[in-house]
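Rule-based calculations on the coordinates, nothing more; no lab input. Just so it is clear, the structure is predicted and the values come from calculations on it, not from any experiment. Here the Cβ positions follow ideal geometry from the backbone for every residue, glycine too, while neighbour counts run over all protein chains shown.
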Amino acid sequence: MTTDDAPGRTDPPYAADEVTMLRGYLDYQRATFRWKTSGLTQAQLGTAHPPSTLTLAGLVKHMALVEDWWFGVTLRGATAVEPFTHVDFDADPEWEFRTAVDDTPEQLHGLLASVVAACDAHLDAAVAEGGAEAVAVRRDRRTDEGITLRWILVHMVEEYARHNGHADLIREAVDGTTGE
C-alpha cells in the first residue's frame with residue numbers, strides 16, 4: 001500500500017476556515033479507512049488478529065453506525081438507517097461487530113458509502129444553519145449539554161484516526177499489506 005494506492009484521498013488544506021479544515025481532515029480519514037479496508041474477500045474482512053476479536057468487517061459496519069449516530073441521529077434528529085433501526089444495542093452492544101462477518105464486502109462498503117453520503121447532506125444542512133456552532137438536536141445524555149457540530153467533527157476525526165490504526169494492524173496480519 002502506498003499513498004498512490006489511495007484513490008480519492010486528498011490531503012487536508014493547510015489554510016482554511018474552521019469547518020473546511022475539519023471536513024478536510026474527516027474526508028482524509030474516511031478515504032484512508034476505505035483504502036485500508038478495500039480489496040479484500042469476505043473471509044479476509046472477517047479475520048481477527050488474536051488475541052483481539054476485532055475484524056475489518058466489524059470496523060466497517062461500526063463506522064457506518066457511528067457516522068449515522070453522530071451526523072444523522074444526534075446532529076439532525078433523523079431516524080437511524082437500516083440495518084441499525086431495530087437493533088437493541090443495550091441487549092447486544094457488539095451487534096455491528098458480531099454481525100459484520102456475515103456481510104459481503106459489497107454490502108459493507110455499500111452501507112458505509114450510502115451512510116457517508118447521507119451524513120454529508122446532514123453536515124451541509126447544519127453548516128448552512130449555523131456553521132461549527134450549530135447545535136445538535138440531541139443533547140448529551142449524561143450532562144444534558146448541547147453538542148456542537150465542531151465537537152462532532154473533531155470526535156469523528158478522532159474516531160476514524162483510532163480505527164485506522166486498528167485497521168493497519170489487522171490488515172497487515174490478514175495479508176501482509178502495510179501503508180502509512
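The base-10 log of I(q)/I(0) for region 88-146, evaluated at q = 0.12, 0.19, 0.26 Å⁻¹, reads -0.51, -0.93, -0.99 [Debye formula, identical scatterers on Cα atoms, solvent excluded].
Projecting the Cα atoms of LEU56, PHE84, VAL157 onto the charge dipole of region 48-180 (Cβ charges, centred on the Cα centre) puts VAL157 farthest toward the positive pole.
Equivalent-ellipsoid semi-axes for region 6-45 (Cα gyration tensor, √(5λ), whole Å, largest first): 28, 8, 5. When +1 charges are put on Lys and Arg Cβ atoms and -1 charges on Asp and Glu Cβ atoms, the dipole computed for region 19-175 relative to its Cα centre reaches about 300 debye. Normalising the Debye intensity of region 19-175 to I(0), with uniform scatterers on Cα atoms only, and taking log10 at q = 0.08 Å⁻¹ returns -0.23.
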